[in-house]
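The values are calculated or read from the model by the stated rules, or taken from the named source; none is laboratory data. These numbers were taken from a predicted model, which means no experiment stands behind them. Glycine gets a Cβ as well: all are built from the backbone with ideal geometry, and neighbour counts include every protein chain shown.
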Amino acid sequence: MDLVEKVKSISGEDVLSCYQCGLCSGSCPVRFAMDLSPTQVIRLVQVGNIEKILESNTFWICSTCFACHARCPREINITRIMEALRQIRLRRDQDKISVNKIPKEELKILPPIALVSNFRKTTA
Amino acid sequence: MVKIPYYPGCAVQTTARNYSISGIAVAKKLGIELVELPKWNCCGVFPSLATDDLMRHLAPIRNLIHVQEMNENGIVQNENRVITFCSMCYHTLKEANLFLKDAEKMEKINTFLEREKEFVGGVKEGYKGGVEALDFLEVLRDIVGYDRITKEVKKPLKGLKVAPYYGCLVLRPREIGIDDPENPTILEDILEALGAEVIDNPNRTQCCGSYHTVDRKDIVAKLTYDNLVYPIRNGAEVIVTCCPLCTFNLDHRQKEARKLRRDLQEIPVMYYTQLMAIAFGLDKQFWGVDLGLHYVDPKPLLKAKNLY
């Protein structure tokens, strides 16, 4: 299966229906930390340049808040597309974070839901 | 007293004990007995959004099965609702049911659970469907009603300037959300019922930075600054939340946010259930303000308003 098909099948979303209005990027609360905007990511999926996306940090920075999805006029669940990209990366190579690098003082105060959800999104 | 199954989850038993202690007491006052599931596990926090990732839906489904078992064991009668306080638990449990609308996936999951029994035990019976996850906010709006809340108020929160903050997971996506994804009113309505002065918070549905708090504190610090500075400018004295992770980021990460921008004032962050416990005149042990869980202590503000 080629990568575009993989993104479509893991996310279940129709990426071709995006008409590049940019509302997702304008709504994204963590756009400031991304190298490619969500709109650019969708465009790159459309034209089949997944490798370029996989080198970016965009899908790791996505915090799964669904703000883009709530506003998308084409009702594309962009959050699911970001998840598919994370999954492709995680299934291909190593985990994004090293658990043993989290400082002990932090482990004492962090809510368990922060740790579990982080590991769910950044480890295979 | 109505008995409804209650799923606590890890956060309200640890870093957010102030949420469950106040919430359970408030529910009791409003005629709802929250019956904790005799057996429960991690909700599976943050459902997998991948269509092929069945394994990661098992955790919430096991919890839904435990609700089913409570009915079979007679702990509750014909009660298919399960209440949570934590937004992440609510979101995950609700998403599991949406996921299982696909009959093929439901069958696959139940076949797995059946096979699992042969090797390691696990649940006695598969999931039959139909267990409904409810966020406690929904319970207050739809089962209790705002009028009933007002009736229980002994000490109105008059003059307390409160800004609500919802976060994401109780609101989005639409099929899971309990209110409008961008213009919710539940928290405002509850705060008004308590007699508080509601302050407009333009960032009330913006992300808190979520799990990035583990390895990207810089992202969370910026969001915490943004999410606090606007309500503070509008006059808020306290931020009211409904999610243990939002609360941690808005409260504890003020330290990092202030390193980023020194003009940020300190502001306490409290759960709506804590303010309800105060307004209902419940005993101080149910307010959850003396457990050392707040980074910014809300007591000086409560004392200044003659509430403590």
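What to note about this one:
- Considering (1) of a type outside the set (G, A, S); (2) under 20 Å from B:E125 (Cβ atoms); (3) touching a strand residue (DSSP E or B) at 6+ places or on another chain (Cβ under 7 Å), the lone condition that B:I83 does not fulfil carries the number (2).
The rows are residues; the columns are (1) over 16 Å from B:R216 (Cα atoms); (2) outside any helix (DSSP H, G or I); (3) more than 10 Å from every other protein chain (Cβ to nearest Cβ); (4) out of contact with any strand residue (DSSP E or B) (no Cβ under 7 Å at 6 or more places or on another chain).
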{"site": "A:S63", "(1), (2), (3), (4)": "no, yes, no, yes"}
{"site": "A:T79", "(1), (2), (3), (4)": "yes, no, no, yes"}
{"site": "A:A84", "(1), (2), (3), (4)": "yes, no, no, yes"}
{"site": "A:Q87", "(1), (2), (3), (4)": "yes, no, no, yes"}
{"site": "A:I97", "(1), (2), (3), (4)": "no, yes, no, yes"}
{"site": "A:E105", "(1), (2), (3), (4)": "no, no, yes, yes"}
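- Scanning the stretch A:9-24 for residues that are surrounded by fewer than 20 Cβ atoms within 10 Å (Cβ to Cβ) and either over 26 Å from A:R91 (Cα atoms) or at the interface with another protein chain (Cβ under 10 Å from one of its Cβ atoms) (or both) yields a count of 8.
- Pick from the stretch A:25-72, criterion farther than 19 Å from A:L90 by Cβ and of a type in the set (G, A, S), ranking: modelled with the lowest pLDDT: A:G48
- Matching entry among B:G23, B:G9 (being buried (at least 24 other Cβ atoms within 10 Å of the Cβ), touching a Cys at 6+ places or on another chain (Cβ under 6 Å) and small (G, A, S)): B:G9
- Selected residue (criterion: nearest to B:T84 (Cα to Cα)) from residues of the stretch B:161-177 that are surrounded by fewer than 23 Cβ atoms within 10 Å (Cβ to Cβ) and in contact (Cβ under 8 Å) with a residue 60 or more places away in the chain: B:I176
- Taking each residue of the stretch A:26-44 that is within 14 Å of chain B (Cβ to nearest Cβ) and closer than 15 Å to A:L54 by Cβ and looking for partners that are hydroxyl-bearing (S, T, Y) and part of a loop (DSSP other than H, G, I, E, B) with beta-carbon atoms closer than 9 Å, six or more apart or interchain, yields A:M34/A:S56; A:D35/A:S56.
- The stretch B:117-136, residues that are out of contact with any Leu (no Cβ under 8 Å at 6 or more places or on another chain) and not in a helix (DSSP H, G or I): B:G121, B:K124, B:E125, B:K128, B:G130, B:E132, B:L134, B:D135
- The criterion of at least 2 residues that are in contact with a His (Cβ under 6 Å, 6 or more places away or on another chain) is met, among helices (runs of 4 or more DSSP H) falling completely within the stretch B:138-239, by B:217-233.
- Per this entry, B:V67 is counted among residues that are more than 11 Å from every other protein chain (Cβ to nearest Cβ), in contact with a Phe, Trp or Tyr (Cβ under 9 Å, 6 or more places away or on another chain) and of a type in the set (A, V, I, L, M).
- Counted residues, the stretch B:213-226 - those being at the interface with chain A (Cβ under 9 Å from one of its Cβ atoms) and within 19 Å of the chain's Cα centre (by Cα): 1
- Any hit, the stretch A:11-23, residues being touching a Ser or Thr at 6+ places or on another chain (Cβ under 6 Å), assigned by TED's automatic domain parsing to the domain that holds A:T64, part of a helix (DSSP H, G or I) and at negative phi: no
- Filter result (of a type in the set (F, W, Y), free of Cβ contacts under 8 Å to residues at least 60 places away in the same chain and within 14 Å of B:R62 (Cα to Cα)) within the stretch B:100-129: B:F112
- Among (1) surrounded by 22 or more Cβ atoms within 10 Å (Cβ to Cβ); (2) modelled with pLDDT under 95 - the single one B:Y308 does not satisfy: (1)
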